[in-house]
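Here the structure comes first, spelled out in structure tokens, and everything after it is commentary.
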Amino acid sequence: MNVKSNGRRVAVTGMGFITPIGNDLETVWSNMVEGVSGVGHITHFDTNGFDTKIAAEVKGFNPEEYMDRKTARHIGRYCQFALAASKQALAQAGLEPAEMDPDDVGVIVSSGIGGMEEIEKSHTALMERGPKRISPFTVPMMIADMAAGIVAIHTHAGGPNYAIVSACASGSHGVGEAAEIIKRGDAVAMLAGGSEATITPLTMGAFC
């Protein structure tokens, strides 16, 4: 497929990070340069009975630094990470979508799995307490394209919006697709990246 680029150049003007080696650009860069590892003992759940007891967890993340308590409670953890990183990137870029034509700013936030933690919690509720105890927020908290939607809602970005699901390459593919969208002239700016929150009993048990 040959897509005309209109000669547009694409530049990265802002970045945001919620990672196992830091939750902001400065910390992440410093730890990368110093070779700091983000791997440690799992604290997110009880690892008794698991062969693997280590993982690269996000540490010290407080979602209420980036969103109100109600929002944090009603969106999945991977969506929290995506929204926080997006707000960091916008701040660094000096970009305010609300002050632009909303259709000029799009979002591609990809995820290989989506809200795995929410899937597990809802399954437990179903098995232990029945279907009426499943939260009505389960589906929007678990689907893999919800992070892109949440970011768009909270940043007033009304342009192209979707997620690319391609396992561990999802985020990279999202960035590449966002660049192509700008080259085609379908958006002036894009928020792009990936988010995952899969250090959970089911995922660790399956992989390890």
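Values quoted throughout were computed directly from the atomic coordinates according to the rules given, and no laboratory measurement underlies them. Computed from a prediction, not measured in an experiment: that's the story for all the values here. Every residue, glycine among them, receives a Cβ derived from its backbone with ideal geometry; neighbour counts consider all protein chains shown.
Listed values, structure above:
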read-out: The chain - Rg over Rh from alpha carbon coordinates, Kirkwood radius; value: 0.99
read-out: Proxy reagent accessibility, fewest Cβ within 10 Å first, across HIS154, HIS123; value: HIS123, HIS154
read-out: Computed label-point distance, nm, for sites MET100 and GLU120 using a 7 Å Cα→Cβ extension; value: 3.7 nm
read-out: Where only C-alpha atoms are counted, convex hull volume of segment 157-208 per residue in Å³; value: 82 Å³
read-out: Under 24 Å from LYS121, Cα to Cα: lysines that are on another chain or at least 8 residues apart; value: LYS53, LYS59, LYS70, LYS132
read-out: Packing-based ranking, highest mean first, of 105-111, 142-148, 185-191 given that Cβ atoms within 10 Å are counted; value: 105-111, 142-148, 185-191
read-out: Selected from MET67, LEU202, ALA11, residue furthest toward positive end of dipole (the chain; charges at beta carbon); value: LEU202
read-out: Relative contact order of the chain, defined on C-alpha pairs under 8 angstrom at six or more residues apart (%); value: 28 percent
read-out: Within the chain, helix-based [θ] at 222 nm, where runs of 4 or more DSSP H residues each add -39,500 (n - 2.57), nearest 500; value: -12000 deg cm²/dmol
read-out: Size of electric dipole in segment 25-207: Cβ of Lys, Arg +1 and of Asp, Glu -1, about Cα centre, debye, nearest 20; value: 640 debye
read-out: Cα centroid separation, segment 12-64 to segment 123-167 (Å); value: 23 Å
read-out: Cα lying deepest toward the dipole's positive end in segment 25-207, options MET116, ASN48, CYS79, charges on Cβ; value: ASN48
read-out: Relative contact order for segment 28-146, counting Cα pairs under 8 Å that sit 6 or more residues apart, in percent; value: 21 percent
read-out: Beta bridges per DSSP with both ends in the chain, % antiparallel, nearest 5; value: 25 percent
